[in-house]
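The structure appears right after this line, and notes come after that.
The values are calculated or read from the model by the stated rules, or taken from the named source; none is laboratory data. These numbers come from a predicted model, not from an experiment. Counting neighbours? That spans all protein chains shown, and the Cβs are built from the backbone with ideal geometry, glycine included.
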Amino acid sequence: MTMTVGPLRDGRERLLLERLAAGEREALADLYDLHADPLFGHGLALTRNRADAEDLVQATFVKLAGLGPAAREIRHLGRYLHRILRSTAIDALRRRAVRDEFVAGLQPVYLHAGSRSEDSRLALDQALARLPLQQREAVVLHLVEGLSFREVGRATGVATFTAASRYRLAMVRLRRLLKTP
């Protein structure tokens, strides 16, 4: 399986990918030095936020580092990294939209006279505490920490589908406990 089409721009990238595939961590630092600036520019164009762009670059290299021997199959590293960065940005925007939708759904509960009230926050904390541990964990990891369901599954040792199901069940239960639509 070829990850991208086209030759690497020079033999140095090929050598660094080979070293990375063999588990040499120093190779990742060298690849970072070669590609971080253009990736940062791309991330900044997508997010319009310096910190978010930096996070995208880091996430991109974490994914590259996780490829292991599959890194040898990359044919055009620059394009491949930009594709990872873009898909990571899209995933982050989706997670943010889901989180915003969740918060908007809870607004009648914990918004009072235009600002969050202590009673409303307490109600939310109590409702979260009433969730089974596994559902509460899925909510916190997905909404608060921003992990994808795949990442939640890996962190908790369950399948992606199970992590997503726990989250959805928690949302239904929270809405019922907080009496929101």
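Inside segment 41-60, can you point out the residues that are surrounded by fewer than 17 Cβ atoms within 10 Å (Cβ to Cβ) and hydrophobic (A, V, I, L, M, F, W, C)?
44, 45, 51
Pull up segment 143-177, narrow it to residues that are modelled with pLDDT under 85 and on the phi < 0 side of the Ramachandran plot, then point me to the one that is surrounded by the most Cβ atoms within 10 Å (Cβ to Cβ).
Checked segment 143-177; the qualifying residue surrounded by the most Cβ atoms within 10 Å (Cβ to Cβ) is 147.
Determine the pairs where a residue that is touching a residue at least 60 places away in the same chain (Cβ under 8 Å), located within segment 35-63, has a partner that is surrounded by fewer than 17 Cβ atoms within 10 Å (Cβ to Cβ) and not in a helix (DSSP H, G or I) with Cβ atoms under 6 Å apart, the partner being 6 or more residues away or on another chain.
Listed by first residue and then by second, the contacts come to nothing, as the list is empty.
Search segment 124-138 for residues being of a type in the set (A, V, I, L, M, F, W, C) and part of a helix (DSSP H, G or I), and hand back the single one that is modelled with the lowest pLDDT.
Ranking the candidates gives 124 first.
Could you say whether any residue in segment 62-72 is within 17 Å of residue 25 (Cα to Cα) and under 13 Å from the mean Cα position of the chain (by Cα)?
Yes, that holds for at least one residue.
How many residues are farther than 22 Å from residue 59 by Cα and among the polar types (S, T, N, Q) when one looks only at segment 123-163?
4
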